[in-house]
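J.: Sharing a structure below in structure tokens format, with a few things to ask.
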Amino acid sequence: MTKPAVAWFQSLTESVFALGAAARELRMANDAARVAAWSVDPHRLLPVNGELNAPEVPFFRPHDAAVCELVDVYRQLENRTKRLYENTALAYAHGAGAAALDVLRGERPHRAELRREEGRYVLPATGLPDPTGLLGGWYGGLRLVELRRVLLQRQDEADAARAEPRCGADEFAVGLADAAYAFGEQAESALHFALMTTSRNDEETW
């Protein structure tokens, strides 16, 4: 039995939705990693003073050792989920924005298109797509403009932090990811508006 054909607009909306779903999973994972790291913060935990006599390390405190090990584990996990969330949220923003822009220009893409290398999305060098000028009187257009402005500002802040050797750029990762996700979500709504507009135009030409 042959596989039934899928309409271009269905595969396109599924593609963009899947990007958003991936970003949501990573946002939840990063939240969980942050809570796990907080749960073993040495400044928050009460000390457990019991000691062991270990030949290599006299007066060894097993609870302190366990907490130190967990701090390292959870810190590494949080840093990894933070970077994955940032990369995937930016991919969602670019993918949803480009899909909406393509449809508004009269194109019929079957899927969002993004490159991946070594498990990470490679963001287009052309910059963040801007479909706002083609949205007419869509009620969500003004919010999309504002979310785009915030995302570009967060991107500039993160780039400046990464260029500064003594500045921890990781502190900007979640703010940038959240801004990218918010733009992607609104751009996905713009895509649905574009598809409805396209559908009406197609019906009028029959």
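The values are calculated or read from the model by the stated rules, or taken from the named source; none is laboratory data. All values derive from a computational prediction rather than experimental measurement. Methodologically, a virtual Cβ is constructed for each residue, glycine included, from the backbone with ideal geometry; neighbour enumeration extends over all protein chains shown.
J.: Kindly list, by first and then second residue, each pair from a residue in the range 84-100 that is without any contact (Cβ under 8 Å) to a residue 40 or more places away in the chain to a residue that is of a type in the set (D, E, K, R), limited to pairs with Cβ atoms under 6 Å and residues at least 6 apart or on different chains.
T.: So the pair list comes out as 87/120.
J.: A follow-up question, please. Please enumerate the residues belonging to the range 125-163 that are touching a residue at least 12 places away in the same chain (Cβ under 8 Å) and among the hydrophobic types (A, V, I, L, M, F, W, C).
T.: Within the range 125-163, 128, 134, 135, 138, 144, 145, 147, 150, 151, 152, 158 meet the criteria.
J.: Checking residue 79 against (1) touching an Asp or Glu at 6+ places or on another chain (Cβ under 7 Å); (2) at pLDDT 95 or above, only one condition comes out false. Which one?
T.: Here residue 79 clears every test but (2).
J.: Shifting gears a bit: Filter the range 93-109 down to the residues that are over 14 Å from residue 180 (Cα atoms) and among the small types (Gly, Ala, Ser) and list them by number.
T.: Result: 99, 100, 106.
J.: Is the range 179-199 home to any residue that is modelled with pLDDT under 90, in a loop (DSSP other than H, G, I, E, B) and farther than 16 Å from residue 19 by Cβ?
T.: Scanning the range 179-199 turns up no residue that is modelled with pLDDT under 90, in a loop (DSSP other than H, G, I, E, B) and farther than 16 Å from residue 19 by Cβ.
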